[in-house]
Every structure is written in C-alpha cells, then in structure tokens.
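Below is one structure, written out as structure tokens, with a few remarks after it.
Where a number appears in this text, it was derived from the coordinates with a stated rule and is not lab data. All of these numbers come straight from a predicted model, not from anything done at the bench. In this analysis, Cβ positions are derived from the backbone assuming ideal geometry, glycine residues included, and neighbour counts consider all displayed protein chains.
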Amino acid sequence: MATLPVVFIGNVVAGGVGSIREDPWFSSSRSVRFEVIEVFRGLAPGTKFVDMETMPTLGMCSPNPYRPGRTYLVTPGVREGRFFDGSCFSGRDVEDAKDSVEFLRRHFRNPSRFHIRGRVGAAEREDFDLDEDKPLSGAVVSTVAGGRVISSTTDAQGRYELAVPTPGQYLVQSRLNGYRNTSATVRLRNAPCANHTVAMVSGSSISGKVVDANGQLVRHAQVGLFALDGPSTADSVRAWYRTEFPDRSDGRFRFENVPLGRYILAVNPMGPRIDGYDPFPFESTYHPTGSDRANAKNIEIDRGGLQLTGKDIVAGAPVDFRNVTLKYRFADGAPITSAVVDVIGDASPGGVQWSDGQSIYRGQSEVRFRVPANRTIRMSLRDRYGRDLGKRYESTHAPGTAPIFQEFIVEH
C-alpha cells in the first residue's frame, strides 16, 4: 500500500460516466466532482467538494469507474496543482473496497502503527502467488519483532493482519493442520502496510480416468472437482474448486494439492459444449460409473498427503444443439456497446444447470451461438458494469431443435 498525499471518500455529484449508452472503457469524460463524505488525509478542514480531472482511456488499462450518485474511495494524484486520476484509475467504489476502507479507518486513528496483511488460501502449487480459489480459515500466521512473536489467525475469508512496530524486513510463517508450513520474507518500506498472500498446499491428490460406455478412454472431456464444504456447493453453475482436462496421451486426470474437505467429481461439469476450446457435446455425469447428480459419491480428503486413485467416471450421452441469433439495440437504433447476455439452460435429468455468457462489444449488432436442444433456455440482457437498464430484458425458449431468433430493444 503506497503512501498517498490525499485520501478521502466522496460521492459523485457531477461528471463521470453519466449515460447508460457510454462505454466506460471509451469514456470521453474529463472531470468529476465529489461531495466529500470522509477525509483520511490531505484535504483542508471543512472541504465540502473536490474537483478532479480524469483521463480518457481509449480502451486501454482500465475503464473509468466514476458514476453519478456512487461513492468512492479516492486517492488522486496531483499535476500542475490539480487533482487527477487515470488512465489506470485508482478510485474504488466503496461497496467493492469495504476491507480497504475499514483498514484505512483503523490506520488513520493510529497512523504510527504498521501492518503486514493479506490472505491465506489453498494452492495448486507452492509458488502460486495470486489470490486462491479456496480461502483457509484457522491458519496461524506469525512473525518475530524485537524478540516477540506476533501472530494472527485467519478468518472465514482467509484474512490475517500482523501489527508490527516499525518498517523493515520480516520472516512471515504460516501453519495449518493438513497443509505444509510456509515461510517468506516480507519487506515493509515507507508505507503503513505490506500485502502478502500466502499459498498453502496439502500434498493430497485425486486421480482417475474418463471412459465411454464401451470402456474406451476419452481424451477431450473436462473434469470438474466440486466442493461440498464452504460458501459454494455442488449445485453451483460452475465447478467451485477446479477443472482440468485429462492428459491427452492416456485420458487420465489428476488434481494435485486438493484442500481438505468433501468433493464430488464430474465429467463436463459446466454442461455439454459444442463451441469454444475442446468442444464436448455430451451430458454431464458423476463418479462413480456415470452417475447422475443425485447418486454421485462423495470423496473426502481428511488429511494432508492423501493420494486417492481410481476415481474413474463414464462420460455421458451425446446432446443435440440448436442455433441462436440474438440482436440488440436501443429504441432509437443506437448500438449497445457494453452489455452481457446471460444464457441459462434448465437443469438436465443429471442435475447440471447449463450456462453461457455472450459479451457485447463495440461494432457488434448481434451475437450467434449454440445451445443444448434438450433444455428450456432463458436469455437476459444486462449492463456489463451493473448500471440499471430501467427494466428486465429476458426471454424464455422451450426445448426443441428449431433455431432461436431473439431481439432485445432497450428503451432507455
């Protein structure tokens, strides 16, 4: 976290991206005015409004985040005596930055304190340095300063925070039963905090192979590992922990460093696909022996280093597809440039809801794709940035093989 001269929270009262028709990636907005709500540092006492220049991004780096009526954590730069932000915008909507806002409030109540903070997550590899799919609660993260051990236990989101006395270099260690201990050097320089993500591995694995109804190896099926514990469930649209493709040479799959917990295995976890990378137009099935969702067998990793083998799955039956042509525009004929079409297919007899998403970009007036013919299909249009379209735009289409033609006309 860099030291910034000005930090405040403000509500946008003028400027920014004001129209639903304006793509924030290509916004021409050059200014924004904030009504000041909370000051952390850098503004004169009694400041009620702040004007800030913004730089058009022309599709590069990041979209302009500022929208009228929304509230932001603002950390502007200063250029020629004026505040500015862009083209890689630093402002954050407070709804998306609650953790940072809470930390800043605590820090500025006692600015002489320093912290090492971050998250602990289950990792596929020990050198994995990004936020992990599965946060680990109950991990103990510690360091030593001045001969004293400073420690923190991670919460349900895997978050921890170590209050250290001074900037410097610290050896941060992490431990949790069932996972390999970790250690890393963290340098805290001229800033109130340093962020450090901890990746922990279990050493456990789940492996098997995918075969067809005749027992022949299948080499192009995706396999999904669904977690039954935690904030998501096996009924989620997407596999919650991880997906992978079996090895092309022998059709076998292997999930390495699986976190402790209960799981089920599925072939084609996101449903049959006929487009995209390695299409596989077959119904989803589960371990063991091509079960449906109701008869899937739970697999438990109850300790680190556990190696589970022979978790084979039989691939499902082939599925027919139908063509979809979807057009969209504003009522006056103007093009829509920043929207997403969500496509949902009802759950199959095997228990998997089918889903797809079609992004709308500049220069497009329609999208074409294919959907399973054996499912009721629901399509809906939404703004990519969460802005209100004024009403819902959606359609429903019964199962069948005939092509689907649909147009959404946005009355905004």
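Structure above, values below:
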item	result
Virtual spin-label span in nm between residue 256 and residue 80, 7 Å along Cα→Cβ	5.4
Under 21 Å, Cα to Cα: Lys pairs in the chain, sequence gap 8 or more or different chains	5
For segment 249-408, the fraction of alpha-carbon pairs in successive 10 Å shells from zero, as %	9, 31, 27, 20, 11, 2, 0
Estimated inter-spin distance, residue 51 and residue 177, nm [label 7 Å along Cα→Cβ]	6.3
Value of Rg/Rh across segment 147-206 [Cα atoms, Kirkwood radius]	1.00
Phi-based couplings in Hz for segment 259-269 (Karplus 6.51, -1.76, 1.60; Gly and Pro marked x)	x, 4, x, 10, 9, 10, 10, 9, 8, 6, x
Shape box of segment 248-309 [Cα atoms, principal axes, largest first, Å]	39, 30, 18
Computed over segment 61-210, the ratio Rg/Rh where both radii use C-alpha atoms and Rh is Kirkwood	1.05
Extreme residue, positive dipole direction of the chain, given options 123, 88, 354 (C-beta unit charges)	88
Kirkwood estimate for segment 53-95, i.e. one over the average of 1/r between Cα atoms, Å	10.9
Protection-proxy order for peptides 252-259, 270-277, each taking the mean of Cβ atoms within 10 Å per residue, highest first	252-259, 270-277
Value of relative contact order over segment 58-182, rounded to a whole percent, pairs C-alpha under 8 Å and six or more apart	18
Reciprocal of mean inverse Cα separation for segment 15-69 (Kirkwood radius, Å)	12.4
Reduced Cα scattering model of segment 205-314, Debye log10 I(q)/I(0), q = 0.12, 0.15, 0.21 Å⁻¹	-0.36, -0.57, -1.15
Listed peptides 325-334, 85-94, 178-187 by packing density, highest first (mean Cβ within 10 Å)	85-94, 178-187, 325-334
Alpha carbon convex hull of segment 122-221, volume per residue in cubic angstrom	128
Against the rule of thumb 2.2 N^0.38 Å, how large the Cα Rg of segment 355-412 comes out	1.23
Cysteines (scope the chain) whose Cβ has no counterpart Cys Cβ under 4.7 Å	193
Cα-based Rg of segment 33-147 normalised by 2.2 N^0.38 Å, two decimals	1.37
Kirkwood Rh, Cα atoms: Rg over Rh of segment 7-98	0.94
Most mobile of 36, 341, 223 in a GNM of the chain (Cα contacts under 10 Å)	36
Kirkwood Rh in Å, taken over all unlike Cα pairs in segment 313-412	14.5
Rg [Å, one decimal], Dmax [Å, integer] - segment 95-174, C-alpha atoms	13.6, 40
Rounded to the nearest 20 debye, dipole of the chain from Cβ charges on Lys, Arg, Asp, Glu	900
Peptide ranges 288-298, 141-151, 308-318 listed from the most packed, as the mean C-beta count within 10 angstrom indicates	308-318, 288-298, 141-151
Dipole of the chain, positive end: most advanced residue of 167, 379, 139 [Cβ charges, Cα centre]	167
Mean projected area in nm² (Cα convex hull; one quarter of hull surface) for segment 76-127	6.7
Whole-percent pair-distance distribution, where bins are 10 Å wide, for the alpha carbons of the chain	4, 17, 20, 23, 22, 11, 2, 0
In segment 1-54, chymotrypsin sites (Phe, Trp or Tyr not before Pro) in a DSSP loop with at most 13 other beta-carbon atoms within 10 Å	none
